[in-house]
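The values are calculated or read from the model by the stated rules, or taken from the named source; none is laboratory data. Note that this is a predicted model, so its numbers are computed, not measured. So basically every Cβ, Gly included, is an ideal-geometry build from the backbone, and we count neighbours across all protein chains shown. Heads up: the accessible areas ignore ligands, DNA and RNA and are worked out on the full protein's heavy atoms, side chains in. Shrake-Rupley method; radii C 1.70, N 1.55, O 1.52, S 1.80 Å.
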Amino acid sequence: MSTPPLTPEQLFQRLDALGIPHRTYTHPPVFTVTEAVALRGQLPGGHCKSLFLKDKKGGLWLVVALEERPIDLKRLAARLSAPRFSFGNSELLYRALGVRPGSVTPFALVNDRERQVRVVLDRGMLDRDPLNYHPLENDRTTAIAPADLLRFIAACGHTPDIVHLDDATA
C-alpha cells in the first residue's frame, strides 16, 4: 500500500462528506462472529461478515454476507464462476485493504485505491436496515443504510456484484 490506510475517524469524515448518515458503537475488540454476537447486545439491523479471499489465479475478492449465512468456498467459487478460493493472508489483506484480520469490512474499500479487489454482496443482506460493519478496526461497529453502503462502495470506485448466495451455503 503506497499511502497509509485511513483511520476510522478519516472514514467517518469521508462518510460525512458523502452525506451518508452513520452511527458508531464502541465495544471491546472482537475477532469472530461468535465474539461479536456475545458483545453487541440488542444492536439493531443486519449483522454481517466480510471474507477476504484470494482465488487460485491471484484475484482478490471481498465477499460480504449476513453473519448467519454459512459459506462454502467451493460452492461460492462455482457460483461466481471464479477459480478456487482460499482465504487471503494477513499481509495481503493489509496491502490490499489496509486492515488487519478481525477488521475486514466493506468500509476498507476506501483503502483499495488501485481497485484490486472484486466486491461481492449477498443480496439478502441488503434487505436489512441498518447494516453493521467494523469501521476499519474491530473495537467499534458502524451502522448505515443499505442504499448508503452501495453509494459508499461506488464512491470508492467499485461496482459490487450483488448475488443471491443461497446456493453457496455450506
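Out of everything in the range 1-35 that is part of a loop (DSSP other than H, G, I, E, B) and of a type in the set (Gly, Ala, Ser), what residue ends up being modelled with the lowest pLDDT?
So, considering only residues that are part of a loop (DSSP other than H, G, I, E, B) and of a type in the set (Gly, Ala, Ser), the one modelled with the lowest pLDDT is Ser2.
Gly157: part of a loop (DSSP other than H, G, I, E, B), surrounded by fewer than 20 Cβ atoms within 10 Å (Cβ to Cβ) and touching a residue at least 60 places away in the same chain (Cβ under 8 Å), yes or no? Full working, then the answer.
Values: part of a loop (DSSP other than H, G, I, E, B): yes; surrounded by fewer than 20 Cβ atoms within 10 Å (Cβ to Cβ): yes; touching a residue at least 60 places away in the same chain (Cβ under 8 Å): no.
For Gly157, the condition - part of a loop (DSSP other than H, G, I, E, B), surrounded by fewer than 20 Cβ atoms within 10 Å (Cβ to Cβ) and touching a residue at least 60 places away in the same chain (Cβ under 8 Å) - is not met.
Could you look through the range 133-147, keep only residues that are among the charged types (D, E, K, R) and in contact with a strand residue (DSSP E or B) (Cβ under 9 Å, 6 or more places away or on another chain), and pick out the one that is surrounded by the most Cβ atoms within 10 Å (Cβ to Cβ)?
Filtering the range 133-147 for residues that are among the charged types (D, E, K, R) and in contact with a strand residue (DSSP E or B) (Cβ under 9 Å, 6 or more places away or on another chain), the one surrounded by the most Cβ atoms within 10 Å (Cβ to Cβ) comes out as Arg140.
Collect the residues in the range 111-132 that are open to solvent by less than 20 Å² (accessible area, probe 1.4 Å) and in contact with a Pro (Cβ under 8 Å, 6 or more places away or on another chain), keeping them in residue-number order.
Asn111, Val119, Val120, Leu121, Met125, Leu131
Where the second residue is in a strand (DSSP E or B) and basic (Lys, Arg) and the first is within 17 Å of Asp129 (Cβ to Cβ) and lies in the range 11-25, which pairs have Cβ atoms under 6 Å and are six or more apart or on separate chains?
Filtered contacts from the range 11-25: Thr24/Arg140.
Among (1) buried (at least 20 other Cβ atoms within 10 Å of the Cβ); (2) in contact with a helix residue (DSSP H, G or I) (Cβ under 6 Å, 6 or more places away or on another chain); (3) in a strand (DSSP E or B), there is one condition Ile162 misses while meeting the rest; what is its number?
Ile162 satisfies every listed condition except (1).
Please go through the range 61-95 and pick out each residue that is more than 13 Å from the chain's Cα centre (by Cα) and either within 22 Å of Gly157 (Cβ to Cβ) or open to solvent by less than 20 Å² (accessible area, probe 1.4 Å) (or both).
Of all residues in the range 61-95, those more than 13 Å from the chain's Cα centre (by Cα) come to 68-92, 94-95.
Selection gives Leu76, Ala77, Leu80, Ala82, Phe85, Gly88, Leu92, Tyr94, Arg95.
So, of the residues in the range 76-98 that are in a helix (DSSP H, G or I) and closer than 22 Å to Gly46 by Cβ, which turns out to be modelled with the highest pLDDT?
Going through the qualifying residues, I end up with Leu97.
Out of the residues in the range 47-57 meeting the condition of being at pLDDT 95 or above and of a type outside the set (A, V, I, L, M, F, W, C), tell me which one is most open to solvent (accessible area, probe 1.4 Å). Show your work before the answer.
Going residue by residue through the range 47-57, those that are at pLDDT 95 or above are 50-57.
Next, from what is left, pick out any that are of a type outside the set (A, V, I, L, M, F, W, C): 50, 54-57.
Numbers: Ser50: 22, Lys54: 81, Asp55: 14, Lys56: 136, Lys57: 170 Å².
Ranking the candidates gives Lys57 first.
For the condition among the basic types (Lys, Arg), within 16 Å of Phe52 (Cα to Cα) and touching a Cys at 6+ places or on another chain (Cβ under 9 Å), what is the one hit in Arg115, Arg128, Arg100?
Arg115
Checking Pro106 against (1) open to solvent by 30 Å² or more (accessible area, probe 1.4 Å); (2) under 14 Å from Val64 (Cα atoms): exactly one of these is not met. Which one?
Just one mismatch for Pro106, condition (1).
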